[in-house]
Every structure is written in structure tokens, then in C-alpha cells.
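Asker: This is the structure, below, for whatever I ask next.
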Amino acid sequence: ALPLVFQTTEEWLNSTLGLHPIQVALQVALPELDGGMEPIVFASRDPKTGKSHALHKRVEQLCTRAIRWAELKRKTKEDKKLAITVFSFPPDKGNVGTAAYLKVMVTMLRSSRDFRSID
């Protein structure tokens, strides 16, 4: 979860880039390296006072997401589903799953076997 630091709500909503690039680097990209995921903007700042305020619909979304993660943790292995997205760039049949020369397909196969053994 992250607050808007470098933009007001209006600037963020009207931006063609979305989050300010510095905020993307510091609060999205770097946390992903440590396993952080699903960054959800939950607060903004008042352009006149600089004070933070909650974005209530986003806070609800964040709470719903936390509840769903907890529900998923309680599910049995048999009731869980896994979706895998395979990267393909540049778009071409020969590039599916290449990911900077990593062994994507082999890794997916091994990971799926490992997932079955996790309790």
C-alpha cells in the first residue's frame, strides 16, 4: 500500500504516466525485488495544506484484498488455483518465455512440482 507522495489525486488520475516515476522506483519497483506486490494507492495529499487524506474507495479495496489473501491462506491445496503469465517480448512465437535467456519453461515445470509438495 502506498500514499501519493509526489502528486495530488487529480494529478495522478489525469496523468498519462500514472504514478510519478520516482514513486514508481521507490515504492513499486524496489519493493518488488523484496517480494512486495500489489501496490495499491490508499492516500493522497491536499494540494493547499499538504496534509494526507485517505482515498476511501482505495482503502476499501486494500482491506478487501487483505481479507481475500487471508481466505486464500485458509484454503486447502486442492481448492487453490494457479495462473501463470508468460512474457513474450518482442511479440513473436520464438520469444515466448525467453525472459532475458532465463529457463522460464523449465522453471515453471519445476515450480509447479514444488507447489504440489507444499503443505
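Asker: If I filter the range 89-99 for residues that are polar (S, T, N, Q), within 27 Å of PHE115 (Cα to Cα), surrounded by 11 or more Cβ atoms within 10 Å (Cβ to Cβ) and more than 18 Å from the chain's Cα centre (by Cα), do I get at least one hit?
Answerer: Within the range 89-99, one or more residues are polar (S, T, N, Q), within 27 Å of PHE115 (Cα to Cα), surrounded by 11 or more Cβ atoms within 10 Å (Cβ to Cβ) and more than 18 Å from the chain's Cα centre (by Cα).
Asker: If you don't mind, another one. Does ARG58 qualify as being within 19 Å of PRO39 (Cα to Cα) and surrounded by 11 or more Cβ atoms within 10 Å (Cβ to Cβ)?
Answerer: yes
Asker: Mind listing whichever residues of the range 54-88 are part of a loop (DSSP other than H, G, I, E, B) and over 30 Å from VAL5 (Cβ atoms)?
Answerer: LYS75, THR76, LYS80, LYS81, LEU82, ALA83, ILE84, VAL86
Asker: Note down all Cβ pairs under 9 Å where the first residue falls in the range 62-88 and is basic (Lys, Arg), the second is at pLDDT below 85, and they're at least six residues apart or on different chains.
Answerer: Once the first residue is basic (Lys, Arg) and sits in the range 62-88, its partners that are at pLDDT below 85 give LYS77/PHE115; LYS77/ARG116; LYS77/ILE118; LYS77/ASP119; LYS80/PHE115.
Asker: Does GLY35 satisfy the condition of being out of contact with any Lys or Arg (no Cβ under 8 Å at 6 or more places or on another chain), over 30 Å from ILE118 (Cβ atoms) and exposed (fewer than 10 other Cβ atoms within 10 Å of the Cβ)? Before the answer, list the steps.
Answerer: On the way: out of contact with any Lys or Arg (no Cβ under 8 Å at 6 or more places or on another chain): yes; over 30 Å from ILE118 (Cβ atoms): no; exposed (fewer than 10 other Cβ atoms within 10 Å of the Cβ): yes.
Taking the combined requirement at face value, the residue does not satisfy it.
Asker: While we're looking at this one, here's another question. Taking ILE84 as meeting all but one of (1) at pLDDT 85 or above; (2) touching a Ser or Thr at 6+ places or on another chain (Cβ under 9 Å), write down the number of the exception.
Answerer: (1)
The values are calculated or read from the model by the stated rules, or taken from the named source; none is laboratory data. The model shown is predicted, which means the values in this text are computed figures rather than measured ones. Virtual Cβ from ideal backbone geometry, glycine too; neighbours counted across all protein chains shown.
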